[in-house]
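A.B. asks: Encoded as structure tokens, here's the structure I'll be asking about.
No value in this document is a laboratory result; all are computed from the given coordinates. This is a predicted model, so every value here is computed, not measured. Don't worry about glycine lacking a Cβ; one is built from the backbone with ideal geometry, like all the others, and counts go over all protein chains shown.
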Amino acid sequence: MAPIPGSGLAKGLAVTLRTMTKKTVTEQYPDTQPDLPPRTRGVIGLFEENCTVCMLCARECPDWCIYIDSHKETIPAATPGGRERSRNVLDRFAIDFSLCMYCGICIEVCPFDALFWSPEFEYAETDIRDLTHERDKLREWMWTVPAPPALDPGAEEPKEIAAARKTAEKLAAAQAEPTEPQGGES
């Protein structure tokens, strides 16, 4: 069966007419804030206290948009005769959001939970050079990170919590045991 000439045009116009008669659902963005899903990917927040300058995030970043500078600091021995320790101290942590593709690899590979997704999305700049945010700005966004979702009540207890509970129960049982009186019986 041959198509009727102009049937495609009629179908297209029908779709246009249906769309024109529906009410619009445009949100007036600057005046009303959008309702974002709870785990929205906005910007990356830095919890600086957890950062050990291991450089995993910078090495794994496919865009090379994370810049980290650090220096080594010597810590004196804690006990006499002990050896001195050295640790990395964070000097600079910056992310260039003009290069970032928001893949989240840096957050996933961070072994010390120093990087988190923040739902903040209003950080536009008039100059592209201002999109490189230093650690002070990244720390500000850390406080907008939502709390993790609650554990599923039907899920099994995490191994860490179960081990800690068992240890606490053993300590409580050891302290509750009656002690035998010192000395012999008469």
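A.B. asks: What's the magnitude of the charge dipole for segment 64-139 around its Cα centre, counting Lys and Arg as +1 and Asp and Glu as -1 at the beta-carbon? Answer in Debye, nearest 20. Walk me through the intermediate numbers first.
C.D. replies: Values: 9 positive and 14 negative charges, 113 e Å.
Here the size comes out at about 540 debye.
A.B. asks: Mind putting a number on the dipole of the chain about its Cα centre? Charges go on the C-beta only, +1 for Lys and Arg and -1 for Asp and Glu, and I need it in Debye to the nearest 20. Display every interim value, and only then the final one.
C.D. replies: Working: 20 positive and 30 negative charges, 173 e Å.
In debye, rounded to 20, the chain gives about 840.
A.B. asks: I'd like to know which of Cys61, Leu13, Thr32 lies farthest towards the positive end of the charge dipole of segment 1-79, counting +1 on Cβ of Lys and Arg and -1 on Cβ of Asp and Glu.
C.D. replies: Leu13
A.B. asks: Which whole-angstrom value gives the distance between the alpha carbon centres of segment 90-115 and segment 1-74?
C.D. replies: Cα centres, segment 90-115 to segment 1-74: 18 Å.
A.B. asks: In addition: So what is the relative contact order of the chain, in percent, for Cα pairs below 8 Å that sit 6 or more residues apart? Write down the numbers at each step before the final one.
C.D. replies: Numbers: 196 pairs, mean separation 44.2, N = 186.
Relative contact order, the chain: 24 percent.
A.B. asks: If r is the Cβ-Cβ distance from Leu99 to Glu120 and R0 is 22 Å, what FRET efficiency results, to the nearest 0.05?
C.D. replies: Numbers: r = 18 Å, r/R0 = 0.83.
So the FRET efficiency works out to roughly 0.75.
A.B. asks: Lys/Arg Cβ at +1, Asp/Glu Cβ at -1, dipole of segment 65-114 taken about the Cα centre: which of Val89, Ala78, Gly104 is farthest positive-ward?
C.D. replies: Ala78
A.B. asks: Turning to a different aspect of this structure: Highest GNM mean-square fluctuation, the chain, Cα pairs closer than 10 Å: which of Ala147, Ala163, Ala14?
C.D. replies: Among Ala147, Ala163, Ala14, the largest mean-square fluctuation in the Gaussian network model of the chain belongs to Ala14.
A.B. asks: Compute the longest continuous run of the chain that contains no exposed trypsin sites (Lys or Arg not before Pro); treat a site as exposed when its DSSP state is not H, G, I, E or B and it has at most 11 other Cβ atoms within 10 Å. If you can, show how the numbers build up before the last one.
C.D. replies: Details: sites that count: Lys22, Lys23, Arg39, Arg83.
It runs 84-186.
A.B. asks: What angle do you read, to the nearest 10 degrees and between 0 and 90, between the alpha-carbon axis of helix 7-21 and the longest principal axis of the chain?
C.D. replies: 60
A.B. asks: Any lysines with Cα under 30 Å of the Lys22 Cα? List them, leaving off those in the same chain fewer than 8 positions away.
C.D. replies: Filter leaves Lys11.
A.B. asks: I'd like the Karplus ³J(HN,Hα) series for segment 105-110: coefficients 6.51, -1.76, 1.60, θ = phi - 60°, whole numbers in Hz, and an x wherever there's a Gly or Pro.
C.D. replies: These are the phi-based 3J(HN,Hα) values: 4, 4, 6, 5, 7, 5 Hz.
A.B. asks: OK, next. Amide H of Leu115 versus every other amide H placed in the peptide plane: which residues, excluding those fewer than 5 positions away on the same chain, fall under 5 Å?
C.D. replies: Hits under the 5 Å cutoff: Phe47.
A.B. asks: Which entry is the computed volume of the Cα convex hull per residue in Å³ for this structure: (i) 125; (ii) 344; (iii) 212?
C.D. replies: It is the one labelled (ii).
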